[in-house]
Amino acid sequence: MTIISIATAVFLFVAVENLRQGARTSFERTISDTDLIVGARSGSINLVLYSIFQIGNPTSNVTWETYEDITKRPDIAWTVPISLGDSHRGYRVIGTTDAYFDHYKYGDSRSPGFRDGRVFIDLFDIVLGAQVADRLDYELGTSITLSHGLGATSFSEHTDKPFEVVGILAPTGTPLDRSVFVSLEAIEAIHVGWNSGTQTAFSRMATPERVRNMNLQPKSITAILVGARSRIQTLRIQRDLNTYKKEPLQAVIPGVALSRLWGIVSVVEQALAAVSAFVIAVGMIGILTSILTGLNERRREMAILRSVGARGRHIVALLVSEAALLAFTGAISGIVCLYGMTLALSPWLEERFNIGAARHLPGLFDLWVVLGVTCAAALLGLIPAIIALRRSLSDGLSIRF
Amino acid sequence: MSIDEAVLSLQDVLFGWTPGSELLRIRAFSIKRGQSVFLRGPSGSGKSTLLGLVSGVIAPDAGRIDICGQDLVRIPGSRRDVLRADHLGIIFQQFNLLPYLDVIQNVTLPCRFSKLRRDKAREMTKTVTGQAIHLAESLGLSSADISKTVSELSVGQQQRVAVARALIGGPDLIIADEPTSALDHKNRDRFIEILNDQRHRFNSSLLFVSHDETLSSHFDEALDLSDINTRAQS
């Protein structure tokens, strides 16, 4: 019983810790090698959330002129425009250029590779994230339509302009898996004749064939991913863009914004850790009480041991090691259960929550937990041990039941 | 060591559980090597307390208690534990055995705490376990009994295991605290005969405490606790 409670406590504690680490690494692995994210002025966290994590809504846009201005700067190596605002069955559509697949990096500077197919070339080509393709069971050649807005169900569908799936990305464990990619021009094309988010009569005349002949250069975009020629210049570029004259801009360094964002999330994480620490503490008290309650019935045992010459320290050692053994067995079984379950559930976890980096094998941390729990229990075991020792001295050898 | 040498001797021992209330006052009491003493007394007369004093678990308020020439009262507690392990074998009334150990482990228990008794046990047979099996068998336990768990043994068998444990490594003094009270009459006499037979082999003395006077014929000397406890007389 005590072993089970300790096992549960250790299980929870280590599970929370592993999830936390997994969440954190996958969080930090989301974007790398991008020096700045530029968007309309809002909050830096907000900007990162909607441009990278696809959470929340963009407030306003950046004009195409500004984008060209930034691209022309000599200290900038590359730029990737992003245009948001549409979705396909709840998955967000990212309007961008093929440069996105060259410059967007995650983890240790890894590029998202293609599992199938290629980048969009034609106006109505579309590339799917791995999860989108798997969930919706799409393959190359599938014809899909986009919806206006970011909700899972939309009332205004761009049914008149179907897209053809030409590429599916390899899974990355980032929000990319849940995104759909088209060219910037495609975003323009499906909105020809639209005004403030509603279809006008004119749009019905804009058939795909006609649209192809139009000028589809966008007037504005949502955000820009920027790579500086050298890292050192990043801060200067950031300052320049934040004080950009023609329109209010905001440039954020992804790493800085991410760690600020994590700071907010980590409160929850610390609360979880505290809860599991308490669970362990309760388990410890469980050990203590079970030994203490057993002590009365074991007065005879202590007397026998004393009678055959066991010294005080033997009695103490017996009870302390008993507590330690209980805790150790509990902790080990907790860890074993956890990793057994992790092994069994990790594919599901990765898909469901994108926590791909959770540890699959016990490490040093688990060793410390087991050691800590055992030592704490041994220390607690001193309490019944000393009580037993005192009692065995006063009881003498004359216990009768 | 001479035959007359006292294995146990008490001098002017004084003890009370609470200050002011005196339970025991023993001017002089001793047991010689190889001698068996039957000590009787009604319950509550201080028999068990006396055993606690003799085994060095309880400290007297005054006086001297020697075990094989060493004064229990004046040596530190850890030395007392060693002395007890080396020189005393103790048998309780009942439930003498640790249920989580097997029969042989129970018998060899004193050898874990006393190097002296471990060495003595090895002198006779090559291993401590061998000695334990030998003792158990000479006490009338079959090899089938020996392989049983402690809780499967009858009370009489358990008491024999306790005797084997008290005897292993040939301690100088066996202390038996009403070891027969849980046995029926026939088993009682048989038990004491076996105990006496075996202890003679080791030349161990025996202090046997009981309220059952019918047993006194088995011993070299029979005393009433009130004979040596002068407090009870005054």
(message) Can you say whether residue A:39 is of a type outside the set (S, T, N, Q) and either touching a Cys at 6+ places or on another chain (Cβ under 9 Å) or not in a helix (DSSP H, G or I) (or both), as far as the supplied structure shows?
(response) yes
(request) Provide a single number: the residues in the stretch B:136-148 that are surrounded by 12 or more Cβ atoms within 10 Å (Cβ to Cβ) and farther than 22 Å from residue B:186 by Cα. (result) 2
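Is there a residue being assigned to a strand (DSSP E or B) and hydroxyl-bearing (Ser, Thr, Tyr) anywhere in the stretch B:35-50? Outline the logic, then answer.
We begin by selecting, within the stretch B:35-50, every residue assigned to a strand (DSSP E or B); these are B:36-40.
Retained after the next criterion (residues that are hydroxyl-bearing (Ser, Thr, Tyr)): B:36.
Within the stretch B:35-50, one or more residues are assigned to a strand (DSSP E or B) and hydroxyl-bearing (Ser, Thr, Tyr).
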(request) Grab the helices (runs of 4 or more DSSP H) fully contained in the stretch B:66-141, keeping just those with 1 or more residues being under 15 Å from residue B:202 (Cβ atoms) and polar (S, T, N, Q). (result) B:128-138
(request) Mind telling me which of the residues A:69, A:35 ends up being over 13 Å from the mean Cα position of the chain (by Cα), charged (D, E, K, R) and open to solvent by less than 20 Å² (accessible area, probe 1.4 Å)? (result) A:35
(request) Filter the stretch A:291-312 down to residues that are at the interface with chain B (Cβ under 8 Å from one of its Cβ atoms) and not small (Gly, Ala, Ser) and give me whichever is nearest to residue B:89 (Cα to Cα). (result) A:308
(request) Please name all residue pairs, on different chains or six or more residues apart, with Cβ atoms under 8 Å, provided the first residue is in the stretch A:66-83 and is among the aromatic types (Phe, Trp, Tyr) and the second residue is surrounded by 14 or more Cβ atoms within 10 Å (Cβ to Cβ) and in a strand (DSSP E or B). (result) A:67/A:79; A:67/A:81; A:67/A:221; A:67/A:224; A:78/A:226; A:78/A:227
(request) Evaluate the stretch B:197-204: report whether one residue or more is within 25 Å of residue B:83 (Cβ to Cβ) and touching a Lys or Arg at 6+ places or on another chain (Cβ under 8 Å). (result) yes
(request) Mind checking which helices (runs of 4 or more DSSP H) fall wholly inside the stretch A:196-315 and carry at least 3 residues that are surrounded by 15 or more Cβ atoms within 10 Å (Cβ to Cβ)? (result) A:234-242, A:254-297, A:299-307
(message) For the stretch B:163-216: of the residues being of a type in the set (Val, Ile, Thr) and within 16 Å of the chain's Cα centre (by Cα), which is modelled with the lowest pLDDT?
(response) B:180
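Going by what's in this entry, would residue A:282 be described as out of contact with any helix residue (DSSP H, G or I) (no Cβ under 8 Å at 6 or more places or on another chain) and either at pLDDT below 80 or among the aliphatic types (A, V, I, L, M) (or both)?
Working: out of contact with any helix residue (DSSP H, G or I) (no Cβ under 8 Å at 6 or more places or on another chain): no; either at pLDDT below 80 or among the aliphatic types (A, V, I, L, M) (or both): yes.
Criteria not met by residue A:282.
Could you please find all residues in the stretch B:110-131 being open to solvent by less than 10 Å² (accessible area, probe 1.4 Å), away from every other protein chain (no Cβ under 13 Å) and small (Gly, Ala, Ser)? Explain how you work it out, then say what you get.
Here is the first cut: in the stretch B:110-131, the residues open to solvent by less than 10 Å² (accessible area, probe 1.4 Å) are B:110-111, B:114, B:117, B:121, B:131.
Next cut, away from every other protein chain (no Cβ under 13 Å) only: B:121, B:131.
Residue satisfying the conditions is B:121 alone.
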(message) I'm told residue B:146 meets every condition in (1) more than 9 Å from every other protein chain (Cβ to nearest Cβ); (2) over 29 Å from residue B:181 (Cβ atoms); (3) of a type outside the set (D, E, K, R) except one. Can you identify the failing condition by its number?
(response) (2)
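Condition check ((1) open to solvent by 20 Å² or more (accessible area, probe 1.4 Å); (2) without any contact (Cβ under 8 Å) to a residue 40 or more places away in the chain) across all residues:
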{"position": "B:134", "(1), (2)": "yes, yes"}
{"position": "B:153", "(1), (2)": "no, no"}
{"position": "B:159", "(1), (2)": "no, no"}
{"position": "B:179", "(1), (2)": "no, no"}
{"position": "B:200", "(1), (2)": "yes, no"}
{"position": "B:209", "(1), (2)": "no, no"}
{"position": "B:217", "(1), (2)": "yes, yes"}
{"position": "B:223", "(1), (2)": "yes, no"}
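Quick one: which strands (runs of 3 or more DSSP E) sit completely within the stretch A:69-157 and have at least 1 residues that are small (Gly, Ala, Ser)? Even if it seems obvious, please write down each step before you answer.
On the way: elements: A:76-88, A:91-96, A:114-117, A:125-128.
Counting at least 1 such residues, we get A:76-88, A:91-96, A:114-117.
When you go through B:57, B:107, B:103 one by one, which is the residue that is closer than 25 Å to residue B:150 by Cβ, more than 14 Å from chain A (Cβ to nearest Cβ) and either in contact (Cβ under 8 Å) with a residue 60 or more places away in the chain or open to solvent by less than 30 Å² (accessible area, probe 1.4 Å) (or both)? Don't jump to the end; show me each part of the working.
On the way: B:57 fails: more than 14 Å from chain A (Cβ to nearest Cβ); B:107 fails: more than 14 Å from chain A (Cβ to nearest Cβ).
Step by step, each of B:57, B:107, B:103 is checked, and only B:103 is closer than 25 Å to residue B:150 by Cβ, more than 14 Å from chain A (Cβ to nearest Cβ) and either in contact (Cβ under 8 Å) with a residue 60 or more places away in the chain or open to solvent by less than 30 Å² (accessible area, probe 1.4 Å) (or both).
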(request) Sort out which residues of the stretch B:60-92 are in contact with a Ser or Thr (Cβ under 6 Å, 6 or more places away or on another chain) and at the interface with chain A (Cβ under 7 Å from one of its Cβ atoms), and write them in order of number. (result) B:84, B:85, B:90
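The values are calculated or read from the model by the stated rules, or taken from the named source; none is laboratory data. All figures in this text were calculated on a predicted structure; none of them were measured in a lab. Neighbour counts run over all protein chains shown; Cβ positions are idealised from the backbone, glycine included. Only protein heavy atoms, including side chains, enter the accessible area calculation; ligands, DNA and RNA are left aside. Shrake-Rupley method; radii C 1.70, N 1.55, O 1.52, S 1.80 Å.
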